[in-house]
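Single-structure report; data block below.
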Amino acid sequence: MLHLLAQVDPGGVSVFATLINTIVKGLAMGGVYAIIALGFVIIFKATQVVNFAQGALAAAGALFLSFLVFDQVSSDVPRGQTPFTWWRAPFAGEGLPSVAEQWASVGLVALVAGLVVALLAGRQISAHALGVAFVAFLACRWLATRSGFTWLDSPFVSLLVALAVGTVVGVLWKGWKPPMEMLVAGGVAVVAQLIIAAIDTKWVEWMGNLTIALLFGALFGMFLERVAIRPMIGQPLFSMAIITLGLEIVIRQFASDSVRILSRPVSAPWAADLSLEGSDGGFRIGGAFYNWSWVAILIAAGLSFVAVNIFYRSKLGVAMRAVSFDQEAGMAQGINVGQVFAIAWALGAALAVLGGVFATQPPISQEGAVTVTTALVAFRALPAIILGGLDSVKGALIGGLAIGLAEIFAGEYLASWQRTLGAGYQQIVPYIVMLAVLLIRPYGLFGTPEVRRV
Amino acid sequence: MACSVHQKFGEFDMRGRPKLFTSYEADAAIFPTTLQRWLVGFGVLVLFLMPFDVPLISGPVPDSWPVLSKIPILNDGLPFVRFLGDANWIRPMTEVFIFGVAALGLNILTGMGGQVSLGHSFFMGAGACTAAVLGGAEGGRFWGMGLPVWIWLPAAGVVAALIGIVVSPTAVKLRGLYLGIVTLGLVFIGVHLSRVWPQIAGDTESGRKYPEFDLKLWKEEEPLLAVSSADTETGWFGLNQFEVDDKQKIYMFCLIVLIGMAFLAKNIMRSRTGRALQAIRDRDIAAEVMGVNEAKYKRIAFAISSFYAGIAGALFGSFLGKVAGNQFDIFLAVEFIAILLIGGAGTVSGALMGTFFVVILPEAVKKVTEWLEHQQHDQGFFEPIANVLLTEGPGDLGPISTASISPGWALGVFDWNVVIYGSLIVVFLIFEPHGLFGIWTKIRNYWKGWPFTY
């Protein structure tokens with residue numbers, strides 16, 4: 001070990017430091033695959049469909065985020081020309097986002113986080129009450145920025161006002177009991193955002209935008225499920241999978257049309273800022289360079305895994321597992337199967353969007369922007385779910401990390417064989433690993449073998 | 001009653017009743033009814049006459065013809081059939097024939113055998129590379145042996161079939177979508193291999209020159225039958241009526257190959273192999289219980305399907321003249337799945353109908369757009385429609401852009417093709433899972449029982 005540590009390659013980085021660096025990089029790459037694979041698994045478990053549209057959803061979501069964070073394709077296009085800036089219109093004046101706008105993002109994050117927690121807890125949420133709360137929130141923010149009501153300037157106050165209005169409406173509407181989890185989670189999210197905001201204000205806006213992009217992905221997923229998958233229930237699984245391929249083709253074509261000429265940056269807050277001296281978007285340990293995006297990916301992948309596991313233990317998650325076990329039996333127990341499908345697609349699509357955003361970052365892509373190849377990340381994540389097993393959450397994480405490690409290690413340590421193996425050989429390593437594992441374990445490492453009856 | 005049975009056709013003829021089949025031979029005939037025989041005969045005749053300047057099919061009826069020249073509608077030739085004679089359609093139709101061969105192959109594997117394969121383009125690429133090496137020019141930058149077409153065309157099929165046999169054990173091991181994703185992996189591996197061996201597959205971007213169709217005995221200079229060169233001066237076989245150029249001769253060549261392969265496919269379907277495959281598709285365990293050797297028949301299915309794909313790949317390469325290895329990618333593979341689903345999986349005529357539909361569609365969309373442009377330009381009757389559909393610039397909300405680069409929200413004609421094709425997959429699967437063949441069956445059954453609904 002000691003002689004390993006002492007060994008130094010020509011670049012001045014010790015072999016050991018390179019090894020650790022490669023492992024972290026591989027895990028980061030695997031983290032992106034794992035996030036997307038989790039989306040695959042959630043959708044597959046609930047609806048038995050391999051969602052080939054995952055890549056297109058990832059690209060569409062990342063594109064949506066890029067429109068939110070970066071609304072100037074070139075400097076001479078005035079702000080507000082792109083279609084997705086409407087959501088900021090109530091808050092925004094001219095010029096750069098104001099503090100109030102950033103706070104508005106905080107409030108939105110809080111609201112959404114509260115909703116997610118309430119959903120996880122399986123509470124019934126009155127859609128009307130939610131709608132009213134949202135409108136009330138927007139109204140508060142509009143009043144705060146346009147009319148000088150300074151007491152509304154705190155988004156926390158706005159949020160409380162909005163939740164109060166929504167609660168009153170909900171109680172009056174159907175005797176709805178306001179879920180405490182919602183308020184608690186909203187508070188927690190506000191505190192978390194405050195901490196992040198204390199570090200750097202640009203994080204606040206970006207996180208708010210990311211949340212909105214995830215929400216967009218979830219809604220988009222629900223829409224696709226309702227339009228294309230629900231009518232197909234009872235048809236062969238192959239047909240359902242191919243339908244998602246058709247969706248992938250259509251969505252991807254629209255998405256790539258927007259980036260064919262200019263790629264669209266997602267402006268991640270950890271990325272290198274060229275206007276600042278010495279900001280290279282990363283840090284060094286033992287001479288080896290670590291990108292901040294690797295850390296972000298690892299945190300996001302870990303949080304996604306934990307969140308999915310918590311979700312499967314909640315009431316709705318149990319319902320989802322019951323439905324994946326037997327749809328008719330679930331229905332007989334009073335589970336709304338349609339709702340379960342919708343939620344599964346919403347979660348799967350939101351995870352796809354998260355993966356898509358990270359797919360624009362190193363180590364997947366060095367550009368930090370949505371390009372025409374962003375959607376292909378889902379095809380690279382397919383070996384991960386096959387390796388881990390199509391219906392295993394644990395398998396998605398482990399499969400994703402394993403595939404990412406294999407790819408990065410092959411790229412790093414077989415580089416001297418490049419001439420024999422061909423340029424870009426590391427990109428097909430996942431498929432070779434997948435083939436090898438499948439021939440030994442046909443249902444992946446953790447997948448449930450299909451019970452076959454005559 | 002017995003005397004009314006027609007021994008010759010095996011049809012049970014009773015007045016006012018649909019005809020019934022009374023023998024197994026009659027039921028399993030290639031064309032079970034007289035109408036089908038006539039329709040197919042007429043279709044093949046039209047296809048054969050299409051490249052030539054035949055009155056009625058591709059041009060106006062001469063004035064010297066006594067009766068037909070008096071009918072006004074025939075002034076430009078037969079409606080619907082006439083457009084086929086247009087020289088613009090020769091190349092798309094040739095592509096239909098080539099893709100038809102490949103689709104027939106996938107139909108045997110996926111439609112008849114029920115094995116989902118997303119790797120058909122890999123086998124096509126394998127066939128194309130074999131053809132390029134065996135038939136390509138000698139002594140160049142790329143490997144080539146300069147052999148004649150009667151060697152490289154069957155060899156392309158055989159090599160692809162051998163690769164198919166090598167791959168087939170995975171199909172025994174894996175089921176359903178697992179198999180689909182593994183075959184998808186094959187495509188990525190294949191595209192990578194084409195980059196690793198440029199001396200076989202040609203340059204990554206531009207590919208290599210493929211052999212020509214000229215019929216030679218061996219490597220002599222003067223071909224027995226020149227297919228790839230125009231001899232408009234003397235005409236084919238020295239007959240001046242048959243003035244054909246190279247495009248038309250390649251058309252004929254591919255048409256003959258397609259007809260041969262279609263009959264082969266139909267006969268495979270009627271044979272013991274076909275019945276075994278259908279049994280495996282319907283319920284594999286039940287098939288095994290009945291004594292069908294699953295591994296053997298899956299191997300056969302893969303071999304036959306890859307044979308078809310290899311032939312189609314070789315034809316495709318020679319038809320285009322130059323193909324890059326990365327053209328045999330996942331989108332091509334998906335196209336064949338789309339062809340099967342749109343046409344109707346499991347039937348030969350469905351596969352051919354689907355091929356016609358999917359391959360001709362881009363050309364049709366292009367023609368319609370051109371026509372709209374003309375309408376707009378000449379201020380024709382449909383100008384308002386053209387104004388709505390065609391975009392004039394970034395501010396215009398028209399969805400179709402005729403410019404080569406389409407910024408903003410308008411999509412170019414090519415993009416619209418892709419979008420339409422993706423939506424067709426979704427729409428057909430939702431509304432008509434049996435595809436075009438299903439529509440045809442419905443129409444036929446409606447008239448069979450007319451005026452009753454059953």
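Per this entry, A:L4 is not counted among residues that are more than 14 Å from chain B (Cβ to nearest Cβ), modelled with pLDDT of 90 or more and out of contact with any Gly (no Cβ under 8 Å at 6 or more places or on another chain).
Only one of the listed residues (B:L184, B:L162, B:L177) is within 24 Å of A:Q426 (Cα to Cα) and outside any loop (DSSP other than H, G, I, E, B). That residue is B:L184. Hey, among A:A322, A:A350, A:A346, which residue is free of Cβ contacts under 8 Å to residues at least 60 places away in the same chain and out of contact with any Ser or Thr (no Cβ under 8 Å at 6 or more places or on another chain)? Only one candidate qualifies: A:A322. Total residues in the range B:158-185 satisfying the condition of being within 11 Å of chain A (Cβ to nearest Cβ), under 25 Å from the mean Cα position of the chain (by Cα) and over 13 Å from B:L118 (Cβ atoms): the figure is 0.
Exactly one residue out of B:G190, B:G136, B:G176 is assigned by TED's automatic domain parsing to the domain that holds B:S306, at pLDDT below 90 and crowded, with 19+ Cβ neighbours inside 10 Å, and it is B:G136. Checked against (1) aromatic (F, W, Y); (2) in contact with a Lys or Arg (Cβ under 7 Å, 6 or more places away or on another chain); (3) buried (at least 24 other Cβ atoms within 10 Å of the Cβ), A:F446 passes all but a single condition, namely (3).
Every condition in (1) within 17 Å of the chain's Cα centre (by Cα); (2) part of a loop (DSSP other than H, G, I, E, B) holds for A:V295 except the one numbered (2). Checking the stated criteria, A:L303 turns out to be assigned to a helix (DSSP H, G or I) and either at pLDDT below 90 or of a type in the set (D, E) (or both). Screening B:S117 against (1) within 14 Å of chain A (Cβ to nearest Cβ); (2) under 20 Å from the mean Cα position of the chain (by Cα); (3) part of a helix (DSSP H, G or I) leaves a single unmet condition, (3). Taking the range B:257-283 as the region of interest, how many residues are in contact (Cβ under 8 Å) with a residue 12 or more places away in the chain, surrounded by fewer than 19 Cβ atoms within 10 Å (Cβ to Cβ) and either polar (S, T, N, Q) or in contact with an Asp or Glu (Cβ under 7 Å, 6 or more places away or on another chain) (or both)? Final tally of qualifying residues: 2.
Within the range B:167-181, the presence of a residue that is in contact (Cβ under 8 Å) with a residue 40 or more places away in the chain, out of contact with any Cys (no Cβ under 6 Å at 6 or more places or on another chain) and among the aromatic types (F, W, Y) is excluded.
Among the residues of the range A:296-318, write down those that are touching a residue at least 24 places away in the same chain (Cβ under 8 Å) and farther than 18 Å from A:A396 by Cα. Matches in the range A:296-318: A:A296, A:S314, A:K315, A:L316.
For the range A:247-266, what are the residues that are outside any helix (DSSP H, G or I) and under 23 Å from B:F331 (Cα atoms)? So that I can check it myself, show each step before the final result.
The initial filter retains those residues of the range A:247-266 that are outside any helix (DSSP H, G or I), namely A:260-266.
Matches in the range A:247-266: A:R260, A:I261, A:S263.
When the test is whether a residue is in contact with a Lys or Arg (Cβ under 8 Å, 6 or more places away or on another chain), surrounded by 19 or more Cβ atoms within 10 Å (Cβ to Cβ) and within 30 Å of B:V359 (Cβ to Cβ), B:I300 does not pass it.
Remark: pairs (first residue in the range B:337-358, away from every other protein chain (no Cβ under 14 Å) and crowded, with 24+ Cβ neighbours inside 10 Å; second residue of a type in the set (K, R) and in a helix (DSSP H, G or I); Cβ separation under 7 Å; 6+ apart in sequence or on different chains) = B:V348/B:K266. Does any residue of the range A:267-280 turn out to be modelled with pLDDT under 80, in a helix (DSSP H, G or I) and farther than 23 Å from A:P363 by Cβ? No, the range A:267-280 has no match at all. Of the helices (runs of 4 or more DSSP H) lying entirely inside the range B:245-351, those carrying at least 2 residues that are modelled with pLDDT of 90 or more, in the same structural domain as B:A102 (by TED's automatic domain parsing) and under 13 Å from the mean Cα position of the chain (by Cα) are B:246-270, B:294-320, B:330-343.
Does B:I405 count as modelled with pLDDT under 80, crowded, with 19+ Cβ neighbours inside 10 Å and within 14 Å of chain A (Cβ to nearest Cβ)? Spell out how you get there, then give the answer.
On the way: modelled with pLDDT under 80: yes; crowded, with 19+ Cβ neighbours inside 10 Å: no; within 14 Å of chain A (Cβ to nearest Cβ): yes.
Judged against the criteria, B:I405 is not a match.
The residue of the range A:223-246 that is farthest from the other protein chains (Cβ to nearest Cβ), among those that are in contact with a Ser or Thr (Cβ under 9 Å, 6 or more places away or on another chain) and in a helix (DSSP H, G or I), is A:E225.
Of the candidates A:R419, A:R452, the single residue that is within 10 Å of chain B (Cβ to nearest Cβ) and either crowded, with 17+ Cβ neighbours inside 10 Å or under 25 Å from B:A171 (Cα atoms) (or both) is A:R452. Flag not set for A:A378, criterion: in contact with a Leu (Cβ under 6 Å, 6 or more places away or on another chain), closer than 30 Å to A:L215 by Cβ and either within 14 Å of chain B (Cβ to nearest Cβ) or among the hydrophobic types (A, V, I, L, M, F, W, C) (or both).
Residues that are of a type in the set (G, A, S) and surrounded by fewer than 24 Cβ atoms within 10 Å (Cβ to Cβ) were ranked within the range A:355-394; the one that is farthest from A:S66 (Cα to Cα) is A:S392.
The values are calculated or read from the model by the stated rules, or taken from the named source; none is laboratory data. It should be emphasised that the depicted structure is a prediction, and the values quoted were computed from it without experimental measurement. All Cβ positions, glycine included, derive from the backbone under ideal geometry; neighbour counts span all protein chains shown.
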